[in-house]
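Input: a single structure, listed below in structure tokens.
Values in this text are rule-based calculations from the coordinates and carry no lab data. Just so it is clear, the structure is predicted and the values come from calculations on it, not from any experiment. Don't worry about glycine lacking a Cβ; one is built from the backbone with ideal geometry, like all the others, and counts go over all protein chains shown.
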Amino acid sequence: MMPMPEQESQTGWVSGGDLQTGAFGSVWQWVKQLTILRSTPRGPRTPPIRATERDVRMMKRALELARKSAAADEVPVGAVLYRGDEIIAEAHNLREAVNDPTGHAELMAVRYAAEKLKTWRLSDCSLAVTLEPCPMCAGAIVQARVGRLVYGATDPKAGAVHSLYNLCTDPRLNHSVEIVHGVLANESSELLKAFFRRRRAEKKADRDTPPSTSPRRRIR
């Protein structure tokens, strides 16, 4: 749990004694508070929850969808939203195909599930996704009241469940999601690495080939 100052003013963090006297306290105390806040390690706040056989089975399906995503030249991420053994909705990344910045697999699966069930509350459902959700998708998962989130590979650059933020378990929000992480993480990670390795090779080939004879389309 992130340590917090004893009291907070509108202009900065101060200790209880300083607040009572109306002073800000020493610069050293203020810097010390910031140092504590910035150095607090992020990561899972509770002991890891073990994945069930069903979770693994759903993640395998999500990996199949991720491979379809890669075949369509999309970042290979797949998601499956399920209730018990029933798959309610599934999706893979389609951001490039539809030119939609919100076209992430898990967000689309949540959207499809809400439409199918005729309710935006998905508290009795689980969501399996091959990559740790970004801030946008983690926020949607909380807003949809998804009961459980099962994810594979971590995303150190954009992950908002454990890596950069703890949005799905932040006690300040009005819903907390049960998290199961690291399910088939190696498979998910290798799929992503292979995809970006191929993309880099294609970009290099485009740079090395004269523009007039290059048959490749430009890759963003």
Check: Counting only residues 5 or more places away or on other chains, whose amide H sits under 5 Å from the amide H of Val146 once H atoms are built in the peptide plane?
Finding: Leu122
Margin query: For segment 107-191, what does the relative contact order come out to in percent, with C-alpha contacts under 8 Å and a separation of six or more?
Written below: 29
Check: When we measure straight from the Cα of Lys193, which lysines land under 23 angstrom away, once same-chain ones fewer than 8 places off are left out?
Finding: Lys60, Lys68, Lys157, Lys203, Lys204
Checklist line | Rounded to whole Hz, the Karplus (6.51, -1.76, 1.60) HN-Hα couplings of segment 52-61, x for glycine and proline | finding: 8, 4, 5, 4, 5, 5, 5, 5, 4, 5
Item checked: Bins of 5 Å from zero: percent of alpha-carbon pairs in segment 48-150 -> 3, 15, 26, 26, 19, 9, 2, 0
Notebook entry, point to check: What does the charge dipole of segment 48-119 about its Cα centre add up to, to the nearest 20 debye, if the Cβ of each Lys and Arg holds +1 and the Cβ of each Asp and Glu holds -1?
Noted result: 240
Note to self: For a test of the definition: using alpha carbon positions, the gyration tensor, and the 1.5 limit on a/c, classify segment 114-158 as rounded, prolate or oblate.
What the structure shows: prolate
